[in-house]
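Okay, so here's the structure we're looking at.
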Amino acid sequence: MKNSHNVSYLFAHIVICTKYREKFRELSELCIELERYLKRWHCESIEIKNGDNNHVHLLFEYPPTIQLSKLVNLIKSSSSFYANQVPFWQFPGWSNGYYVASVGKSTEKIVREYIKNQ
C-alpha cells in the first residue's frame, strides 16, 4: 500500500467462526459484506472464503495505521449487525475467539492457495 509518506506491505490471515461452530447457509453472502467492510477501513481484500458454512478465512492487505485486534472486532460487530437486519436469516453470531497471523510476501501465495482449497 502506498501512502503520501510511506509504503507498506502488510498482509494478514484471519479466521473467524460462528458461535458453537453452528452452520449458517448464508455465510457466503455475508462474505460479500465482509469485503465491503474491509474496503471501508482501507484494506485490500485478496481472498475471502467461507469454510463448511461455519467459519470464514480472510486474507487481506492492510495499512500500518490499523490495529488488527480492533479491525477484527469491527468486522465481527458490523457483520453481525448486518446479518441480524436481514429478514429470515438466523445468524448465530460470531464466537469470541479468532485466529490472526501476519503473512509475508513469500507465504502470501501459499496462504491464498490454502484458502482457495478449503
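The values are calculated or read from the model by the stated rules, or taken from the named source; none is laboratory data. Note that the structure is a prediction, hence the values are computed from the model and not measured. In this analysis, Cβ positions are derived from the backbone assuming ideal geometry, glycine residues included, and neighbour counts consider all displayed protein chains.
The figures follow:
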| read-out | value |
| --- | --- |
| Selection within the range 72-118 - within 20 Å of E22 (Cα to Cα) and polar (S, T, N, Q) | N73, S77, S78, S79, S80, N84, Q85, Q90, S95, N96, Q118 |
| When residues of the range 60-97 are limited to those that are aromatic (F, W, Y) and more than 17 Å from Y37 (Cα to Cα), the one modelled with the highest pLDDT | F91 |
| Subset tally (residues that are surrounded by fewer than 17 Cβ atoms within 10 Å (Cβ to Cβ), farther than 24 Å from E108 by Cβ and in contact with a Pro (Cβ under 9 Å, 6 or more places away or on another chain)) for the range 22-42 | 2 |
| Test: residue in the range 74-94 that is surrounded by 12 or more Cβ atoms within 10 Å (Cβ to Cβ) and within 20 Å of T107 (Cβ to Cβ) | no |
| Of residues in the range 1-27 being among the polar types (S, T, N, Q) and touching a residue at least 24 places away in the same chain (Cβ under 8 Å), the one farthest from P63 (Cα to Cα) | T18 |
| Residues being more than 21 Å from S69 (Cβ to Cβ) and outside any helix (DSSP H, G or I) - total across the range 101-118 | 2 |
| Selection within the range 1-42 - among the β-branched types (V, I, T), within 17 Å of S79 (Cβ to Cβ) and in a strand (DSSP E or B) | I14, V15, I16, T18 |
| Test: residue in the range 30-45 that is in contact (Cβ under 8 Å) with a residue 60 or more places away in the chain and over 20 Å from W94 (Cα atoms) | no |
| Pick from the range 43-71, criterion assigned to a loop (DSSP other than H, G, I, E, B) and under 12 Å from the mean Cα position of the chain (by Cα), ranking: surrounded by the most Cβ atoms within 10 Å (Cβ to Cβ) | C43 |
